[in-house]
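Taking it in order: structure first as structure tokens, then the write-up.
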Amino acid sequence: MQLGIDGVTKRFENVIAVRDIHLDVAQGELVCFLGPSGCGKTTLLRLVAGLETPDAGRIRLGDADVTNVRARDRNFGMVFQSYSLFPGMTVARNIAYGLACRRWPRERIPERVMEMLDIVHLAEQAERLPSQLSGGQQQRVALARALAPEPRVLLLDEPLSALDARVRATLREEVRRIQRRLGITTIMVTHDQEEALTMADRVVVMNDGAIEQVGEPSELYSAPATAFVADFVGAMNFLNARAENEGRVRLTEDVVIRCANWRTDAHPGEPVRLAVRPEDARVGPASGRGSDAIGARVDWIEFLGSSFRVDLHIEGSDSQTLRVELSANAMRERGLVEGDAVAVALPQEHLWVYPA
Ligand code: ATP
């Protein structure tokens, strides 16, 4: 079902937890609220759920205004970080419980429970107690329990955060597959950018109670609207520089480079932040240095498996560091070692300029 958030604000004493949020979530879409601790993402989810009441604004479900509808009457499914299963009930009874509460016809319940257990691949564990399951399995039961009553919207609050990395990666994919298969409108809160980028149709990046940017994962990564998004989503270098005219910035006394993407109207001579992703810098031999290339020295090399992370000290820039990522093949070809002098080219289409 389509969900709308219209100008929602929420205050707690002297904190504005959520400020004037506008967002439409389409039927069947998976939207992630992403942001650092305290940015308001959980409060926004709780407002959608009906667990908090907004100070201003409305929540819409389809054409209906549900702002004043109680949480339990909204028919939303919820999954939290803590699995919150009933410890004394079997897996099957945990799932059946919610159906009974919602007055599902008694004779339909066993069939629905089995259907849900099949979806989360736990049919064989139906008679176990939660304590006899792994964390990942318990969270799948929590998901099955939330989905069993055919909720209109699914709300997930950091559902994978308590799990170890490997289980998290598997479950991430599984949750996404189930969500797509059922076509259920879903909002997920996470502080983990990888989780948001891999699972969401669209990501809402939040900062200090407000939305910084809403977009598809690839769009946030390749065109971050603000320095906050650039920093929070993926790895990014920020270099101190000064604006010049004609879309260029001065990085050092003798290096001026052209930049395609400006997110500031700084005048020539004013300080700016120049942003570039580690994989977008091109590293070549110092001897081939062109007029727009940057002289640098290899300070540190770290092996990451399929690639290398190389920290470069930029010459003549108050020892600013540029972190680049080079594939193992590129690294072999160049045979870089710590202390080497290199020339770095920064392609203008991959450069972003933000206010200082
Ligand atoms: P986290 O990832 O740490 O849970 P979050 O992004 O989900 O963070 P919220 O929990 O929504 O952030 O909190 C947003 C702000 O509102 C914070 O400053 C928090 O301290 C405050 N806040 C949240 N709930 C309450 C409450 N019940 N009473 C008072 N302040 C609250």
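Regarding L51, is this residue hydrophobic (A, V, I, L, M, F, W, C), under 26 Å from L147 (Cα atoms), surrounded by 15 or more Cβ atoms within 10 Å (Cβ to Cβ) and in contact with a Phe, Trp or Tyr (Cβ under 9 Å, 6 or more places away or on another chain)?
Spelling it out, it is not the case that L51 is hydrophobic (A, V, I, L, M, F, W, C), under 26 Å from L147 (Cα atoms), surrounded by 15 or more Cβ atoms within 10 Å (Cβ to Cβ) and in contact with a Phe, Trp or Tyr (Cβ under 9 Å, 6 or more places away or on another chain).
Six or more apart or on different chains, Cβ under 6 Å: which pairs go from a residue in segment 203-220 that's on the phi < 0 side of the Ramachandran plot to one that's among the hydroxyl-bearing types (S, T, Y) and away from the ligand (no atom under 11 Å from the Cβ)? Could you list them?
From segment 203-220, the pairs are E212/T226.
Can you tell me which of A162, A169, A196 is without any contact (Cβ under 8 Å) to a residue 12 or more places away in the chain and over 24 Å from R103 (Cα atoms)?
A169
Taking only segment 56-67 into account, find how many residues are surrounded by 14 or more Cβ atoms within 10 Å (Cβ to Cβ) and out of contact with any helix residue (DSSP H, G or I) (no Cβ under 8 Å at 6 or more places or on another chain).
Number of matching residues: 6.
Of the residues L85, L47, L51, which single one is more than 22 Å from L182 (Cα to Cα), free of Cβ contacts under 8 Å to residues at least 24 places away in the same chain and out of contact with any Asp or Glu (no Cβ under 9 Å at 6 or more places or on another chain)?
Answer to the check: L51.
With respect to A71, determine if the residue is of a type in the set (G, A, S) and away from the ligand (no atom under 16 Å from the Cβ).
No, not satisfied.
When the residues of segment 282-299 are filtered to those that are assigned to a helix (DSSP H, G or I) and surrounded by fewer than 14 Cβ atoms within 10 Å (Cβ to Cβ), which remaining residue is modelled with the lowest pLDDT?
Going through the qualifying residues, I end up with G288.
Given the conditions (1) within 20 Å of M188 (Cβ to Cβ); (2) in a loop (DSSP other than H, G, I, E, B); (3) away from the ligand (no atom under 12 Å from the Cβ); (4) not aliphatic (A, V, I, L, M), which single one is not true for P87?
Going through (1) within 20 Å of M188 (Cβ to Cβ); (2) in a loop (DSSP other than H, G, I, E, B); (3) away from the ligand (no atom under 12 Å from the Cβ); (4) not aliphatic (A, V, I, L, M) one by one, P87 breaks only (1).
Could you grab me the full set of residues in segment 126-140 that are surrounded by 15 or more Cβ atoms within 10 Å (Cβ to Cβ) and within 16 Å of P110 (Cβ to Cβ)?
Passing the criteria: only A126.
Per-residue answers, yes or no, for (1) among the aliphatic types (A, V, I, L, M); (2) within 16 Å of the ligand (Cβ to nearest atom); (3) assigned to a loop (DSSP other than H, G, I, E, B); (4) surrounded by 16 or more Cβ atoms within 10 Å (Cβ to Cβ):
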| residue | (1), (2), (3), (4) |
| --- | --- |
| V175 | yes, no, no, yes |
| I187 | yes, yes, no, yes |
| E194 | no, yes, no, no |
| V204 | yes, yes, no, yes |
| A225 | yes, no, yes, yes |
| L239 | yes, no, no, yes |
| V256 | yes, no, no, yes |
| A266 | yes, no, yes, yes |
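Residue check: is L129 at pLDDT 95 or above, farther than 29 Å from G38 by Cβ and not charged (D, E, K, R)?
yes
Please count how many residues of segment 5-59 are within 10 Å of the ligand (Cβ to nearest atom) and part of a strand (DSSP E or B).
Residues that pass the stated criteria total 9.
Are there any pairs, at least 6 apart or on different chains, whose C-beta atoms fall under 6 Å, with the first in segment 9-36 and in contact (Cβ under 8 Å) with a residue 60 or more places away in the chain and within 24 Å of A230 (Cβ to Cβ) and the second within 11 Å of the ligand (Cβ to nearest atom) and among the basic types (K, R), and if so, which?
Here the result reads V18/K10; F33/K41; G35/K41, each pair linking segment 9-36 to a residue that is within 11 Å of the ligand (Cβ to nearest atom) and among the basic types (K, R).
Test of understanding: among E279, E302, which residue is of a type in the set (D, E), part of a strand (DSSP E or B) and out of contact with any His (no Cβ under 7 Å at 6 or more places or on another chain)?
After ruling out the rest, the residue left standing is E302.
A162 - would you say it is farther than 25 Å from I109 by Cα and not in a loop (DSSP other than H, G, I, E, B)?
Against the criterion (farther than 25 Å from I109 by Cα and not in a loop (DSSP other than H, G, I, E, B)), A162 does not qualify.
The values are calculated or read from the model by the stated rules, or taken from the named source; none is laboratory data. Just so it is clear, the model here is predicted, and its values are computed rather than measured. For neighbour counting, all protein chains shown are included, and Cβ atoms are generated from backbone atoms with ideal geometry for every residue, glycine included.
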